[in-house]
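Chemist: Got a structure here, written out as structure tokens. Questions coming.
The values are calculated or read from the model by the stated rules, or taken from the named source; none is laboratory data. Please read all numbers here as calculations on a predicted model, not as lab measurements. Using ideal geometry, Cβ is built from the backbone for each residue, glycine included, and neighbour counts are taken over all protein chains shown.
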Amino acid sequence: MPARATEPLPALEARSTDAGAPHLPEPALTVGDLMSHEAFAVHAESTLHDAARLMWEHDIGAVPVVDARGIVIGIVTDRDIAMSAFFSGDALSSIRVESAMSRDVAAVQPTLNVYRAAGVMRRHQVHRLPVVDEEGCLQAMLSLADIAQALGTQGADGLSELDVAYTLRAICVSRAHASHPVPDGVATIPL
């Protein structure tokens, strides 16, 4: 299934469901202000060796999978590669990306504000989001690290360190072992 920009969360959804989260105005910064301006991708027919090499050479932890038109059709992470190699016992050069990639991809557009992008990360429990145009073509990547670094350098215009901490906390909840239900992917965990 091709990636589509995930519908933005309703205003202040995450803040109203995260106990103790500050109630601040949404930041004016957009995904386009913080996204990487160079995106690397592989094709479904590529090997996991190709994907791992890109990750190593560019110090990245995930690579979008695109079709011949550049439309995002999946994503493969360093963990996907490790688990696939472990369970198959095969060399990375003999395993196709399509066998390890996630096909359910949350993506955002460059015009989405950063707070809502963090909400997409919380809801889908991911550290990185492909940034796509209206047709779903890969433009860039946005990571939680990009958002965290913006706090120190740009002030992030209403986005706080607590927002990043709540996003990281929601991402880190084990989907398999969560003792609390996670409605809409937003976890509320007592500290």
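Chemist: On the basis of being within 21 Å of Ala165 (Cα to Cα) and at pLDDT below 95, does Arg122 make the cut?
Modeler: For Arg122, the condition - within 21 Å of Ala165 (Cα to Cα) and at pLDDT below 95 - is met.
Chemist: Look through the stretch 31-85, keep the residues that are of a type in the set (D, E, K, R) and in a loop (DSSP other than H, G, I, E, B), and return whichever of them is surrounded by the fewest Cβ atoms within 10 Å (Cβ to Cβ).
Modeler: So the residue we want is Asp59.
Chemist: Step by step: first the residues of the stretch 96-119, then only those that are modelled with pLDDT of 95 or more and in a helix (DSSP H, G or I), then the one that is farthest from Phe86 (Cα to Cα). Which residue is that?
Modeler: So, considering only residues that are modelled with pLDDT of 95 or more and in a helix (DSSP H, G or I), the one farthest from Phe86 (Cα to Cα) is Glu98.
Chemist: Taking the stretch 59-76, which residues are at pLDDT below 95 and farther than 16 Å from Val131 by Cα?
Modeler: Asp59
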